[in-house]
1. Given only helices, namely DSSP H runs of n ≥ 4 each adding -39500 (n - 2.57), what is the per-residue ellipticity at 222 nm of the chain, to the nearest 500 deg cm²/dmol?
2. What do you get for the angle between helix 332-345 and the principal long axis of the chain? Use alpha-carbon atoms, 0 to 90 degrees, nearest ten.
3. With a 1.4 Å probe and every protein chain kept in, tell me what percent of the accessible surface of the chain is carbon plus sulfur.
4. Could you bin all the Cα-Cα distances of segment 191-348 into 10 Å bins starting at 0 and give me the percent of pairs in each, rounded to whole numbers?
5. Below 8 Å, C-alpha to C-alpha, sequence gap of six or more: please give me the relative contact order for segment 582-642 in percent.
6. Take the chain, mark every one of the GluC sites (Glu not before Pro) that falls in a DSSP loop and has at most 12 other Cβ within 10 Å, then report the longest stretch left between them, sites excluded.
7. Run the dipole for segment 449-516 about the Cα centre, Lys and Arg Cβ at +1, Asp and Glu Cβ at -1, nothing else charged, and hand back the magnitude in debye, nearest 20.
8. Would you work out the relative contact order for the chain, in percent, from Cα pairs under 8 angstrom that are 6 or more residues apart?
Amino acid sequence: MSEVRVSRIIKRDGRVVKFDAGRIERAIKKAMLSVGRYDEETLRKVVSYVLRIINSKFDEEHIPHVEDIQDIVEFALVKFDLYEVAKAYILYRKEREKIREEKKRILEKDYVDEVDKAFSINALRLLAARYLLRDEEGKLIETPKQMFQRIAALIVISDILHDPEIFDKEGKQEIHNEEKFDPVEWENKVGIGRKPDGGFEGTWNRWHLERMKALYDHLNSQGKMRVSWSDFFKKLLNGYFEKYYDKFKDYYSVMVERKFLPNSPTFNAGTRLGQLSACFVLDIEDNMMSIMKTASDAAIIFQSGGGIGINYSKLRPEGDIVSSTHGTASGPVSFMRIIDTVTDVVKQGGKRRGANMGILEIWHPDIEKFITAKVREGFLENFNLSVMITPDFWKYYESGELYPLVNPRDGKIWKYIDPRGLFDMIARMAWKTGDPGVLFMDNINRRNILRKVRGDIRSTNPCGEEPLYPYESCNLGSINLYAMVKEKEGRMVFDWEELERIVRIGLRFLDNIIDVNKFPFKEIEENTKASRKVGLGIMGLADTLFALGIPYNSEEGFEFMRKVMEFITYHAMDESAEISKERGPFPLYPKSGYVDGEMPIEGYYHRDWWTMDWERLVEKIGRYGIRNAEVTTIAPTGSISMIADVSSGIEPQYALIYEKRVTIGTFYYIDREFERQLRDCLLYTSPSPRDLSTSRMPSSA
């Protein structure tokens with residue numbers, strides 16, 4: 001390749017960036033491959049010719065524009081009689097131009113930056129409709145790049161306030177006097193990642209600064225701050241904490257590179273709402289005051305962007321006596337309608353409907369009505385339903401003995417029922433309506449690390465993946481496994497080293513959220529901080545298996561899944577122990593099963609499954625504790641997998657080309673890995689010109 005005299009190039013948005021001759025080579029090679037005309041020697045000649053022309057026309061004073069370079073490439077391809085390649089290159093260039101124009105329309109601006117380019121039209125539509133900030137007139141006032149900077153700028157605050165120079169994990173410091181602080185006064189005047197113009201890559205607005213002061217006050221109240229607020233803030237203004245810019249960049253980069261995304265409520269970071277968690281569990285007692293309080297609490301959580309799970313088994317059955325009114329009770333299902341109505345009325349953060357998990361334990365007298373609740377069309381549409389099966393049920397099921405249904409009000413048996421017929425009813429309704437699912441109480445609690453101190457868990461979040469105690473919350477985030485697939489020597493391989501890096505960044509990201517979150521109620525904040533549960537999960541599994549040539553439903557596929565989740569769990573727990581070493585363990589740790597050498601994962605108890613050194617990890621936790629009671633979960637990743645343009649959660653891909661309808665519109669997708677393989681096999685035909693406003697473009701566009 002010829003030596004290039006120019007070192008810079010002007011991008012379409014006016015930015016001057018480093019010139020990369022390798023991009024020219026890759027673009028020409030891609031065009032050659034697309035028409036089956038790839039030849040290494042010819043590629044070398046064309047690239048050398050292109051660079052000679054660039055050298056003759058441009059220098060350090062006369063910087064080329066990206067369009068100049070592309071014009072030269074077209075000319076060179078024609079000169080070498082590569083007409084088919086030139087046509088493919090020109091068509092690709094035109095297609096990219098149309099995509100850029102559509103992205104500019106969606107984002108209401110006249111250029112696209114490097115972050116806009118990284119996300120598809122579908123992803124940008126979703127971001128613009130739900131998550132990018134708007135002014136009072138509804139106009140966008142934020143780009144995707146600025147949104148991700150806003151999120152990272154909040155997350156890094158926890159790292160700053162846990163700096164060992166100012167933080168004492170032992171809590172032996174004198175509590176400093178409360179100091180007044182006006183976040184508005186310092187809004188947009190301080191941040192992290194100072195730029196040459198005096199600005200910051202991560203600028204803190206009033207909501208960032210409000211959470212910063214709240215976290216300082218919380219830590220100070222525990223005797224964990226070595227300095228006063230005013231001394232801390234002086235250090236901040238003097239740039240002492242600029243050393244955490246790398247952490248900020250880590251949090252920012254994993255999101256814009258689509259390697260990790262937090263649950264979508266975290267996109268509230270740095271806004272007035274400030275509530276970042278997706279999953280909550282509420283409690284409900286058998287009295288009207290508790291029922292209405294739960295409905296009110298649910299409304300506030302829905303408005304903040306979260307979903308809830310409730311176990312309704314404490315409510316007396318339909319027809320039971322109500323002594324205060326001498327009337328009869330209407331039963332749990334009727335009170336679920338209250339929450340359902342609240343969900344309809346209150347949109348999550350004004351952007352989407354709330355979500356509910358309704359649970360009834362199998363011994364409840366209203367269990368049949370609960371199981372068949374969704375036979376009626378339009379009834380409890382905002383609910384997932386689950387029957388919680390208690391361990392005693394299986395004894396009756398196996399023996400065929402009639403199963404007693406018990407009134408929770410007084411513990412009296414109301415009637416007996418055929419257990420096999422009841423279980424058959426659950427299966428038939430699940431097949432017919434999709435509800436109810438089932439929760440196995442013994443399985444949920446078998447490895448419950450907090451069982452000794454808090455008893456059995458009897459509820460989950462709306463999608464069922466996160467068992468939680470009443471008034472506990474959990475924030476989730478998912479790693480994009482497909483982003484770990486790399487091409488090496490002509491074959492696709494999985495980058496385990498990069499996965500470990502992302503696991504550790506993602507775990508710290510989620511732990512920091514707990515510190516800077518604006519919880520809807522004090523009770524939820526206290527319970528959440530007592531256990532500090534986080535849920536690091538995955539998405540893009542199906543696309544990863546496609547890329548690696550591993551059938552989803554195969555022993556090789558199952559083995560890969562086991563290895564991935566063991567790997568993620570191991571390194572997430574190891575990182576949690578590292579954070580505990582720096583900041584201290586979760587407050588309930590001394591009363592948890594960890595101190596007895598227990599682990600909250602089934603695989604630990606099957607040594608023949610191990611591929612990691614779990615004994616070393618148990619010893620490390622015994623020495624330093626662990627920051628989070630739980631670290632992993634498998635969420636369905638609805639919105640964030642749309643943003644990352646990968647298959648959802650751990651699900652197989654049910655269609656390679658499909659239409660997805662959500663509250664903000666209809667989206668059309670072509671599976672990215674399917675499209676890639678079509679191109680590799682020279683079977684892909686570029687879409688014909690059409691109205692891009694319908695978003696009928698491939699997901700990778």
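1. Values: 25 runs with 309 residues, N = 701.
Calculated from helices alone, the mean residue ellipticity at 222 nm is -14000 deg cm²/dmol.
2. Between the helix axis and the principal axis of the chain, the angle is about 30 degrees.
3. Details: 15840 of 31640 Å².
Looking at the chain in its full context, I get 50 percent from C and S.
4. Distribution as computed: 9, 24, 24, 18, 14, 7, 3, 0 percent.
5. Working: 29 pairs, mean separation 30.8, N = 61.
Once divided by the residue count of segment 582-642, the mean separation gives 50 percent.
6. Working: sites that count: Glu3, Glu60, Glu61, Glu136, Glu137, Glu165, Glu170, Glu174, Glu178, Glu285, Glu377, Glu381, Glu401, Glu489.
Longest site-free region, per DSSP loop and neighbour criteria: 490-701.
7. Working: 10 positive and 12 negative charges, 49 e Å.
Using only the charged Cβ atoms, the result is roughly 240 debye.
8. Values: 1205 pairs, mean separation 85.4, N = 701.
Relative contact order for the chain comes out at 12 percent.
The values are calculated or read from the model by the stated rules, or taken from the named source; none is laboratory data. What you see is a predicted model, and the numbers here were worked out from it, not measured in a lab. Positions of Cβ are backbone-derived with ideal geometry, glycine not excepted, and every protein chain shown enters the neighbour counts. Note: accessible area is taken over every heavy atom of the protein model, side chains too, but ligands, DNA and RNA are not part of it. Shrake-Rupley method; radii C 1.70, N 1.55, O 1.52, S 1.80 Å.
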